[in-house]
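Here, each number is a calculation from the coordinates, and none is a lab measurement. All values derive from a computational prediction rather than experimental measurement. Glycine also receives a Cβ, built like all others from the backbone with ideal geometry; neighbour counts cover every protein chain displayed.
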Amino acid sequence: MRYLILGIFSMVIVGCASSKNKVSATQIANLKSAVENAQIEIVSDAANPVAFTNTRGLENLLPPGSNLARISLINNPNFFKIKNDSIDLYLPYYGEQQIGGDYTSESGLVFKGVPARTKIEFDSSKNRYNLTYILNANKESLTANLTLFANNTSTLRINSSIRTTIIYYGKWAKLEE
């Protein structure tokens, strides 16, 4: 009886330990190749506006399948493209304008050009890249903190000089020519 309980316990332990998603060497090589060639396109499927989490009354204004903590961007055009030394982004924005700046017809985050600063780091313990870009857009400064995972998912955190922070969750792929 004791050995039966010990056997079941060890199977549960081994089962739980092996349930962690492993990343293959091919996925890691694909990620490194995409970053080294600087040819990446990210399409986000959800956004998390940090300022909305304690706001009430806006639920009916959000797209279907959304809540204040996670806004669906499915069927909503958006992209973040890295091509050589340039960034091209067009992302819908949900949040608050804090100070300064004009109210224009452009309500999203838009940038096309070369970043003022770029920082790229590979985290070998987590098999992911952390990329940071300082973007001087038309009337605001943006800091884009991008995390690319080997399983082709991404997290993009945008800090603005005049708007509240927003986080985008999506998928990345090598940029098609």
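A DSSP coil position with no more than 16 other Cβ atoms inside 10 Å describes the following trypsin sites (Lys or Arg not before Pro) in segment 117-177: LYS126, LYS139. Spin-label model, THR153 to THR132: label points 7 Å out along the Cα-to-beta-carbon direction sit 2.4 nm apart. Annotation for segment 80-177: chymotrypsin sites (Phe, Trp or Tyr not before Pro) lying in DSSP loop with at most 13 further Cβ atoms inside 10 Å of their Cβ are TYR103. When the listed pairs LYS83/LYS139; LYS126/LYS171; LYS81/LYS126; LYS139/LYS174 are checked against a 26 Å cut-off, the alpha-carbon distance exceeds it for LYS139/LYS174. Computed from label points 7 Å out along Cα-Cβ, the spacing between LYS174 and SER107 is 3.8 nm. Couplings 3J(HN,Hα) for segment 155-168, derived from phi with the Karplus relation 6.51 cos²θ - 1.76 cosθ + 1.60 (θ = phi - 60°), are 10, 10, 10, 10, 10, 10, 6, 10, 10, 6, 5, 9, 10, 10 Hz, where x marks Gly and Pro. Each eigenvalue of the Cα gyration tensor of segment 24-174, multiplied by 5 and square-rooted, gives one semi-axis; in descending order these are 27, 19, 13 Å. Extension gain, ASP45-SER33: 0.36 nm per intervening residue step, less the Cα-Cα distance, totals 1.9 nm. Distance between the 7 Å Cα→Cβ label points at LYS139 and LYS119: 2.9 nm.
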